[in-house]
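Below: the structure, in structure tokens.
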Amino acid sequence: MGMNNKIRIATTSLAGCFGCHMSFLDIDERILQLAELVEFDRSPLTDIEHCTNCDIGLIEGGVCNSENVHVLREFRKNCKILVAVGACAINGGLPAMRNFITLEDCLNEAYLSGIGVENAHIPNDPELPLLLDKVRPLHEVVKIDFYLPGCPPSADVFWKFLTDIIEGREPFLPYELIHYD
Amino acid sequence: MSKSITIDGQSIPFIDGQTIMEAATAAGIYIPHLCHHPEYTPHGSCKLCNVKVNGRVCSACTFPAMEDQEVLSNTAELINDRQKITQMLFVEGNHFCPSCEKSGNCQLQAVAYHLNMLDNYFPLFYPTRKVDASHAEILIDHNRCIFCTLCVRASQEADNKDIFAISGRGINKHLIINSTSGLLRETDIDIKDQAAHICPTGAILIKYTAYQVPIGERTYDHTEIDQVSLNLEKHGHE
């Protein structure tokens, strides 16, 4: 917890589309209630660049490149409860559909031979993180403590999970809140 | 006096020749299953209907009901086994629900929801499998096949054809199609065949019928598979 006894939450999107973050914001006015009880650490909502000690880490998206691995490990190191949020974090999701095509063929089609490609050239700036040969779900890289399925999980899923934690209950998603789509 | 077994302590009548699954279903007790279908010869392969019969694990869909059986079904151990089996089915194939038109009407997904399965637990296998879109009206997506053999049985037993079979062993097991090219378009499958509609997942789909039912009104959106399954049994299959 933070110095003011608020629960600290960090969030990030790895190989995701930020759809889960958008769905989180769909809790609408309940965010005011949440703001009284939690504070945000590293997150696209705060622009804080690195995690400090947190109670909950919410991670959207799977792992597709070297930077994703570093960020995921930073979250694991700093978060008591690490949560895989959404289909991509849980099984790789849509980005993992490239797993059936070699990385070379993917890059060739996207940057060299694909329709409409101009100035054909595979990006090679040293600052670009290296792509992994396959997109992997989070639980294959670090221990994950809880999963929020859905593409995206509905706002009510975030709300149920967070209120369970805040009120000291074991998180539980009833049937109505479990969807893989 | 009629013969009976107990399931989770509840006394259930049965008649000779009934399986544990049939006796349970007749009594309104749901035992999770995917490869079982009341109209076809039991196959006993998916293992979701594992129950303990007098201390031994058996498939309820193939095991005959007999006097003095104490059957356990809804125990923490068996529910955990069923969840692990379902997770294995998910990681062995490529089940990307958000891009599957069967989502919401899929029995594999519905069983997973019923078992409160939130994750895959195991490493994902991501096998490379093909899609057979050769037929004008019926699509085969091998990525979603769980080898339940319901299409094999439906084709043989209901359609009097022999369109499908399972070939290979272990991780090389796959659905094959009975034609020289191995493609569906060269078979005599018809869109009215039971085999075209029996698939519990999105592996066999009727083309041009996708996404006609909005989210919220699909089979399992608000009703759990235990209720859907028992209602079907009560009021007859389509």
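Taken together, the values in this text are just the output of simple stated rules run on the coordinates, not laboratory data. The structure displayed is predicted, hence computed values, not measured ones. Here Cβ is always computed from backbone atoms with ideal geometry, including for glycine, and neighbour counts include all displayed protein chains.
Some notes on this structure:
- Equivalent ellipsoid, chain B (semi-axes from 5 times Cα gyration tensor eigenvalues, Å): 31, 20, 18
- Cα-derived Rg to Rh of chain A, Kirkwood definition: 1.02
- Geometric descriptor of segment B:34-138, per residue, is 140 Å³ (volume of the convex hull of the Cα atoms).
- Partner lysines for B:K47 [C-alpha distance under 30 Å; skip if fewer than 8 residues away on the same chain]: A:K143, B:K3, B:K84, B:K102, B:K130, B:K161, B:K173, B:K192, B:K234
- For chymotrypsin sites (Phe, Trp or Tyr not before Pro), the sites in segment B:169-228 that DSSP calls loop and that have at most 11 other Cβ atoms within 10 Å are B:Y208, B:Y211.
- Restricting segment B:84-132 to chymotrypsin sites (Phe, Trp or Tyr not before Pro) that sit in a DSSP loop and have at most 16 other Cβ atoms within 10 Å of their own Cβ leaves B:Y121, B:F125.
- Residue among B:P214, B:P42, B:P123 with the largest mean-square fluctuation in a Gaussian network model of chain B, springs linking Cα atoms under 10 Å: B:P214
- Under the simplified labelling scheme, the B:D190-B:E157 pair shows an inter-label distance of 2.1 nm, with each label point 7 Å from Cα along Cα→Cβ.
- The GluC sites (Glu not before Pro) found in segment B:46-80 that occupy coil by DSSP, while having at most 12 further C-beta atoms within 10 Å, are B:E67.
- Computing Rg and the Kirkwood Rh from the Cα coordinates of segment A:57-150 gives a ratio, Rg/Rh, of 1.05.
- Length gained on full extension, B:E70 to B:A165: 30.6 nm, using 0.36 nm per residue less the C-alpha separation.
- The orientation-averaged projected area of the convex hull spanned by the Cα atoms of the protein assembly as shown comes to 24.8 nm².
- Segment B:38-54-segment A:13-46 distance, computed between alpha-carbon centres (Å): 45
- Cα gyration tensor shape for segment B:100-224, rounded if a/c is under 1.5, else prolate or oblate: oblate
- Around the amide H of B:I5, modelled in the peptide plane, lie the amide H atoms of B:I12, B:F14, all under 5 Å away and 5 or more residues distant in sequence or on another chain.
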